[in-house]
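Step one of this worksheet: look at the structure below.
The values are calculated or read from the model by the stated rules, or taken from the named source; none is laboratory data. Quick caveat: nothing in here was measured; it's all calculated off a predicted structure. Using ideal geometry, Cβ is built from the backbone for each residue, glycine included, and neighbour counts are taken over all protein chains shown. Accessible surface is based on the protein model in full, side chains and every heavy atom, while ligands, DNA and RNA are left aside. Shrake-Rupley method; radii C 1.70, N 1.55, O 1.52, S 1.80 Å.
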Amino acid sequence: MPEGWRSRSGKSEEMDARVEVTRAWDLFHLGAFAEVESFLSTLPKDPETERLRLWIALRRGDNESKRRFGAWLAENDNGKLAAIGRAHENAALAALNLPRKEWLPPASKWAEAEVAYARALTAFIDGAPLDVRRHLAEALPQIPEQRVRYAQLRAWIYGLVDDFERQATHLLSALSLALKENVDRVLTVRIAESLAPLVREVELGELGNRAEELLERVAWPSETVTARFYTQRALAWRKALRGDWIPAMHLLDGALTLAPDAMRRGLVFADRSRISLAAGEHISAESSSANAVDCFSEIDWSGLSREEATIVFGAMDVLRANRGVALQLFSSAADEVVSKLIGMAHGRRLEAFKTFALSHLTDGEEALQYAQTAYKMFKEMKYIHRATSCALRAIELGGGARWRERAERLVAAYPRSLAAREYERLTSPIARVRGRMREVAELLVSSNKTAREIGEVLGMAEGTVRVHIKHMNKILNVESRSELVRLFIESSSAA
């Protein structure tokens, strides 16, 4: 409780109840919901206390409580709150897939804007974006909180149609307004929570930098640990894109302490593995990868949501280090989410990540096809960083000049990023030495064996070994075995 406040027991018995409710609203504004509820338990039930309880339910996304408190207001208030109670009751009934009740006429411009928002939210739940826009246009928001929620709902509409760039833009506008107008902390956090994954995945240019600045200004109430976790993880990734490895790792350390479950801890270890690999810390990368596998192996697959399945699929580039476990995780996630897809956008996004996962769990031409399909889907959704990962996977699988050109264009904006490091590694001449040529090269580097002795070890003719050596010399533009060995040693040291 803020400094200078007195406990209820120390207040005068004659203190006006309105003043006490005002103080409860101040606590609500700070995100101290448990304290608000404790405070309200000492007050008589009236329209103002029930509206405050309704607003807490709105922030928590608790549809059953929204339905209950909304119904009380609709039935017990004859003033401006009855229409608002019925409006949010109907939105909750829509979310619970229950029949709705008759809407009540609003008694003020503020109530009119609130009812219009609830009607738009109900249309969103019904999957009718045109009706969402129509209802939002029926009234003008009267206070900053309403303006923020209107912008948030407009952002959700673009999410329905896979326009994640516009969705991020509207969320950025909502967050900027929320911080400027000092809107209640939990609503501000909910905006930040929706924006953070998009800032991590979608290329927003200068808007991305602005979003990063705003996310760093968010104050985090105690009840918003998961939202803070995703935001810190997104900010760590932004720093990694710039090659700021140490600050990125520090943010991931903080995210690890916030991670609410094994799945989220696995996400942190996956990011640590990627960053360690780009920074040349191979032992740390392998250790973090093993930790990620262990964390994901702890998942209880019952009741898995589509978002959690997306998380699993998106981490397969790291989890594939343990092929057996990765395949088992993929199979469990794919089986559990089939009946839980909601809306075309969610299904398409999930399908893109599922295809991304398959590109890492298969080999050869099949994997290359999955990489190409996932690349197209991510590119259409403006998930540029994931599209880059798919292009790099295609290069790794032997994709030709077209894939190298695509990857080069995508990494150009972030020359110090993880993707840029991986592109340099995959497109170096050494990376073009594959298959049996690579086996010959490894024996040349690790021993003083002759071509005949190498052939005996590898089960090939001496002439075939010499042909492989000749091809390697041409690829690497060297003329002697000593130069060839030196290049491989230097490449290993650089990695």
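Residues in region 15-64 that are out of contact with any helix residue (DSSP H, G or I) (no Cβ under 7 Å at 6 or more places or on another chain), part of a helix (DSSP H, G or I) and aliphatic (A, V, I, L, M): A17, V19, A34.
Can you find, within region 459-472, the residue that is most open to solvent (accessible area, probe 1.4 Å) among those that are assigned to a helix (DSSP H, G or I) and either farther than 11 Å from M437 by Cβ or among the small types (G, A, S) (or both)?
The extreme case among them is R466.
Only residues that are in a helix (DSSP H, G or I), β-branched (V, I, T) and under 21 Å from A259 (Cβ atoms): list them for region 189-241, please. Scanning region 189-241 gives V189, V199, V225, T226, T231. Just one of the listed residues (L58, L96, L54) is over 19 Å from A113 (Cβ atoms) and not small (G, A, S), namely L96. Residues in region 400-452 that are closer than 28 Å to I384 by Cα, part of a loop (DSSP other than H, G, I, E, B) and open to solvent by 50 Å² or more (accessible area, probe 1.4 Å): A412, A413, P415, R416. The C-beta contact set for region 114-143 (first residue over 11 Å from I157 (Cβ atoms), second residue open to solvent by 40 Å² or more (accessible area, probe 1.4 Å) and polar (S, T, N, Q), distance under 6 angstrom, 6+ apart or interchain) is empty. Taken over region 90-124, the criterion of being more than 14 Å from R149 (Cβ to Cβ), assigned to a helix (DSSP H, G or I) and in contact with an Asp or Glu (Cβ under 6 Å, 6 or more places away or on another chain) is satisfied by A123 alone.
Entry remark, region 178-192: residues being open to solvent by 40 Å² or more (accessible area, probe 1.4 Å) and closer than 13 Å to P141 by Cβ number 1 in total.
How many residues are of a type outside the set (G, A, S) and open to solvent by less than 30 Å² (accessible area, probe 1.4 Å) if we restrict to region 96-144?
Residues flagged as of a type outside the set (G, A, S) and open to solvent by less than 30 Å² (accessible area, probe 1.4 Å) within region 96-144 amount to 8.
Each residue in region 256-282 was checked for being closer than 22 Å to S389 by Cα, open to solvent by 40 Å² or more (accessible area, probe 1.4 Å) and β-branched (V, I, T), and 0 of them qualify. Looking at L267, L252, which one is without any contact (Cβ under 8 Å) to a residue 24 or more places away in the chain and either within 17 Å of the chain's Cα centre (by Cα) or outside any helix (DSSP H, G or I) (or both)? Being without any contact (Cβ under 8 Å) to a residue 24 or more places away in the chain and either within 17 Å of the chain's Cα centre (by Cα) or outside any helix (DSSP H, G or I) (or both) holds for just one of L267, L252, which is L252.
Residues that are closer than 19 Å to A111 by Cβ and surrounded by fewer than 18 Cβ atoms within 10 Å (Cβ to Cβ) were ranked within region 22-47; the one that is farthest from the chain's Cα centre (by Cα) is D46. Of all residues in region 473-491, those satisfying the criterion of being open to solvent by less than 80 Å² (accessible area, probe 1.4 Å), free of Cβ contacts under 8 Å to residues at least 24 places away in the same chain and either in a helix (DSSP H, G or I) or among the β-branched types (V, I, T) (or both) are N473, V478, E483. Of everything in region 385-399, what is crowded, with 24+ Cβ neighbours inside 10 Å and either on the phi > 0 side of the Ramachandran plot or within 16 Å of the chain's Cα centre (by Cα) (or both)? Give them in sequence order. Listed by number, the residues that qualify are A387, S389.
Checked against (1) outside any helix (DSSP H, G or I); (2) farther than 30 Å from L487 by Cα, K379 meets all criteria but (1).
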